[in-house]
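> Have a look at this one.
The values are calculated or read from the model by the stated rules, or taken from the named source; none is laboratory data. No experiment lies behind these values; they were computed from the predicted model shown. Methodologically, a virtual Cβ is constructed for each residue, glycine included, from the backbone with ideal geometry; neighbour enumeration extends over all protein chains shown. Side chains included, ligands, DNA and RNA excluded: accessible areas come from the protein's heavy atoms. Shrake-Rupley method; radii C 1.70, N 1.55, O 1.52, S 1.80 Å.
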Amino acid sequence: MNRLLLSLCVSLLVANANAQLDANKQLAHDIFKQLIEINTTDSVGNVTTASEAMAQRFRAAGFPDSDIYIGGPNERKKNLVVRYHGSDRHKPVLLIGHLDVVEARREDWTTDPFQFVEKDGYFYGRGAQDMKDEDAIMVATFIRMRHENFVPDRDIILALTADEEGGSSNGVEWLLKNHRDLVNAEFVVNTDDITLWTEHGKPVRMELDATEKIYSDYQLAVTDPGGHSSLPKPDNPIYKLSNALARLQNYKFPVQLNDVTRAYYERMARIETGQRAADMRAILKDESNQEAAARLSQNVNDNATLRTTCVATRVNAGHANNALPQRAEAIVNCRILPGHSKQDVRDTLVRVVADPAITVRYISNSFAVSDTVPDMPVFAAQSLRPDVLAALEQVTKQLWPGTPVIPTMARGASDGIYTTAAGMPTYIAAGVAVDLADDREHGRDERVGVDSFYGGLDFWYRYLKALIGTGE
């Protein structure tokens, strides 16, 4: 009888645990769906609507109004900040994620990009990978921990913000300028990247973005009086600009490793084989090894990891088919290594263009074009925080045994540029797996695997607890 009773109790405990797990998944699913179906594009969307919807969920979960803040520079671009109180043994940690998404046109998609669709084992919708999946996971995890009465060893601050993808009202920047006290933290964890990569469904590496490049745009322009196209002359703005862009195409910024990219190549050299592994070891030994750098640079990811990059992304010239052009201009987008300023890169572009007739002007975040680059803080590459890396290694081993954890430098740009510049070291880690051949961020039919989403939910709950510990 006692054995039967014990068996029954165990069965009830398992059933309750499974029911709770299913409830957590359902909560995350419902939040994900809600966010996808709120249009948060810069053109016609409304980030405030998403912020208010998430705030309502926090209130329903028992978070007091005093721990919830909604605010921003205008009615469409309000940000959400929520504080989860801990024991104050340590300074707070800040979690950031953006609620805005890039534009998406219905005619380009198989499904409506602003309708949450589940089919063939995937969730579809704009923001499914970038990054409403992670937003939903962070909100659901906060609520789960609240229901469990979990007490962390520090306050956890969650900021869900506007205009990371574009626009002139970046939420993280605005909060730091206007309400630094709400988001001040010892360090920051951002989930705005794919860091768990799979190949045919098998995890191949977990990345930790431990530093990132700086985004900067420049305008190259050349003018001329023009004239009738029947009387061509040598000084044609289109030819001048084309020659300058060809020089830029052939220019390579010098190779420069930092603490993070050194750690990246040290670990990748153990995974790779043959010439590729040998080239990685050669670069680690001597950054000036041009042969090894040239071979590695044939891979676009390695090329972007080794150096600053600048590339022409837009060109506009001429005003009539039968007239000589009076103006030609190009937009050059640069991703700058930590430790270098936007002014440094502008000076380099002037030298590479090597034509005084061509102006090289800086384009600000608000799209204003200027002859000078405003003074901005220049931050060096961060050092790896042992606790951030150790927690990631621990949880990765639990969930995906044998998967290597690789520190990386984000080649793109995220809101981490603002928190890092504000003196808060920022790291990117996320657990929603994406196949190397299925990266659809910003693209058509953006999607994430159903199992990957729920795996990311489990990862984030475990990782956050491993990172912050208990304050009880």
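> What does the highest-first list of 160-173, 389-402, 136-149 look like by mean Cβ count within 10 Å?
160-173, 136-149, 389-402
> Among the aspartates and glutamates, which have Cα under 19 Å from the Cα of K342 when same-chain residues fewer than 8 positions away are ignored?
Leaving aside aspartates and glutamates fewer than 8 places away in the same chain, those within reach of K342 are E173, E212, D217, D371, D375, D415.
> Sort 417-423, 203-209, 229-235 by the packing proxy (mean of other Cβ within 10 Å over each peptide's residues), most packed first.
The packing order, highest mean first, is 203-209, 417-423, 229-235.
> Students often forget the sequence filter, so: which lysines lie under 28 Å Cα-Cα from K91 once same-chain residues fewer than 8 apart are removed?
Counting by Cα, and skipping residues close in sequence, K91 has these lysines nearby: K78, K132, K177, K213, K397, K465.
> If you roll a 1.4 angstrom probe over the protein chains with everything in place, what fraction of the accessible area of segment 425-472 belongs to carbon and sulfur, to the nearest %?
45
> Moving on. Determine which aspartates and glutamates satisfy two conditions relative to K285: a Cα distance under 14 Å, and not lying fewer than 8 residues away in the same chain.
D259, E266
> Something else about it: Helix check for the chain. Which DSSP H runs span at least 15 Å along their own axis by Cα, with a mean Kyte-Doolittle hydropathy no less than -1.0?
Numbers: long enough: 2-36 (51 Å, 0.49); 47-60 (20 Å, -0.15); 132-147 (22 Å, -0.24); 237-250 (20 Å, -0.22); 259-271 (19 Å, -0.74); 274-285 (17 Å, -0.39); 342-353 (16 Å, -0.29); 386-399 (20 Å, 0.23); 450-468 (28 Å, 0.30).
For the chain, where a helix must reach 15 Å along its axis and average at least -1.0, the hits are 2-36, 47-60, 132-147, 237-250, 259-271, 274-285, 342-353, 386-399, 450-468.
> Summarise the accessible area of segment 264-419 (1.4 Å probe, protein heavy atoms) by the percent that is carbon and sulfur. Mind showing how you got there, number by number?
Working: 3860 of 7830 Å².
The computed percentage sits at 49.
> Related question: Over segment 404-472, what relative contact order in percent results from Cα pairs under 8 Å that are six or more residues apart? Could the numbers behind the result be given before it?
Values: 29 pairs, mean separation 19.0, N = 69.
With pairs under 8 Å counted, the relative contact order is 28 percent.
> Let me ask something else. For Cα pairs less than 8 Å apart in space and 6+ apart in sequence, what is the mean separation divided by the residue count of the chain, i.e. the relative contact order in percent?
Values: 908 pairs, mean separation 108.2, N = 472.
For the chain, the relative contact order is 23 percent.
> With runs of 4+ DSSP H residues as the only contributors, calculate the mean residue ellipticity of the chain at 222 nm using -39,500 (n - 2.57) per run, divided by the residue total and rounded to the nearest 500.
One gets -12000 deg cm²/dmol as the mean residue ellipticity at 222 nm.
> If you take every residue apart from F58 with its C-beta less than 9 Å away from the C-beta of F58, what net charge results, scoring Lys and Arg +1 and Asp and Glu -1?
In short, +2.
> In addition: If you average the alpha carbon positions of segment 92-144 and of segment 211-243, how far apart do those two centres end up, in angstrom?
40
> Would you work out what percent of the accessible area of segment 95-198, with all protein chains in place, is carbon or sulfur (probe 1.4 Å)?
On the way: 1290 of 3280 Å².
It is 40 percent, rounded to a whole number.
> Counting only heavy atoms of protein chains, what accessible area per residue, in Å², does the chain have with a probe of 1.4 Å? All intermediate terms of the calculation are to be shown ahead of the outcome.
Numbers: 21590 Å² over 472 residues.
Heavy-atom SASA per residue in the chain reads 46 Å².
> If you average the sequence gap of Cα pairs under 8 Å that are 6 or more apart and divide by the length of segment 61-161, what percent do you get for the contact order?
45
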